[in-house]
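Note sheet for the following structure.
The values are calculated or read from the model by the stated rules, or taken from the named source; none is laboratory data. Predicted model only: the values in this text are computed from it and were never measured. A quick note on method: Cβ atoms are made from the backbone with ideal geometry, for glycine too, and the neighbour counts reach across all protein chains shown. Ligands, DNA and RNA are excluded from the accessible area calculation, which covers all protein heavy atoms including side chains. Shrake-Rupley method; radii C 1.70, N 1.55, O 1.52, S 1.80 Å.
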Amino acid sequence: MAIVSPSILSADFGKLGADCRMVLDAGAQMLHYDVMDGHFVPNISFGVPVLKSLHKNLPDAFYDVHLMISHPLQYAEAFIKAGATLYNFHLECEDDIQATIDAVRALGCKVGLTIKPGTEPQALAPYLDQLDLVLVMSVEPGFGGQKFMPSALDKLRWLKAEREARGAHYLLEVDGGVDNATAPQCVEAGADILVAGSAVFGAADPAAAVQHLASL
Ligand SMILES: O=C(CO)[C@@H](O)[C@H](O)COP(=O)(O)O
Ligand SMILES: [Co+2]
């Protein structure tokens, strides 16, 4: 069984709370919250106030916050106070990685690191023993609805083998172009968590889409 983290970037923002409640009721164990700053990626999404409002209305949800921002250290406290359950930032950001991990931990939050398609998983090696989650991007970050890049699969395999070799505990998440065709390959390669935006919110029956992905 896979954990499903629907990317609410593809939800209807006019009824965001209702869309979140629907996927949680369908069995999604997390909400994937894509933060984009228009600098690290060429798009702007939503930030602290929207998370705070969602958390107020759905306080028990797990907020899987994916920071596509250049300076995650600067915003850690604000996002964590707003309700982030997991602070998941990019290895390619401009801040000191260890200092950011330490700050997130000091704020009592789970911590994850994400790699873009051009980054090899071996670059995560100095941090793997400290992480709750590793996210492998299977598209260039910035937009929903892109095509899955199969190069993510070998990265998942390596990270799974490395977790076993080290006795580490991080969960493996994959994000970008995950749908009914690509999700089984991701699970086979070692993904514990499937992020899906358009495959869930673009489906005729989003609840059924969550249930299907969760069954893999
Ligand atoms: O982080 C990102 C994009 O940068 C993702 O979380 C997307 O929002 C996933 O959308 P789909 O590819 O599943 O439509
Ligand atoms: Co994402």
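Listed values, structure above:
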quantity: Residue, nearest to ligand 2 (Cβ to nearest atom), within the stretch 102-120, restricted to residues that are closer than 24 Å to LEU54 by Cα and crowded, with 17+ Cβ neighbours inside 10 Å; calculated: THR114
quantity: Matching entry among ALA78, ALA99, ALA125 (being within 22 Å of LEU156 (Cβ to Cβ) and surrounded by fewer than 19 Cβ atoms within 10 Å (Cβ to Cβ)); calculated: ALA125
quantity: Residue selected from the stretch 55-75 under the condition within 22 Å of ILE3 (Cα to Cα) and open to solvent by less than 10 Å² (accessible area, probe 1.4 Å), by the criterion nearest to ligand 2 (Cβ to nearest atom); calculated: HIS66
quantity: Conditions (1) part of a helix (DSSP H, G or I); (2) under 17 Å from the mean Cα position of the chain (by Cα); (3) among the charged types (D, E, K, R); number of the one not met by ARG157; calculated: (2)
quantity: Residues of the stretch 128-156 classified as among the basic types (Lys, Arg) and surrounded by 15 or more Cβ atoms within 10 Å (Cβ to Cβ), total; calculated: 1
quantity: Search result, residues across the stretch 181-216 that are within 12 Å of ligand 1 (Cβ to nearest atom) and open to solvent by 50 Å² or more (accessible area, probe 1.4 Å); calculated: SER198, GLY202
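Okay, residues lined up against (1) within 15 Å of the chain's Cα centre (by Cα); (2) closer than 14 Å to ASP34 by Cα:
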| position | (1), (2) |
| --- | --- |
| LEU54 | no, yes |
| ASN57 | no, no |
| PHE62 | yes, yes |
| VAL65 | yes, yes |
| MET68 | yes, yes |
| PHE79 | yes, yes |
| ILE97 | no, no |
| ILE101 | no, no |
| MET137 | yes, yes |
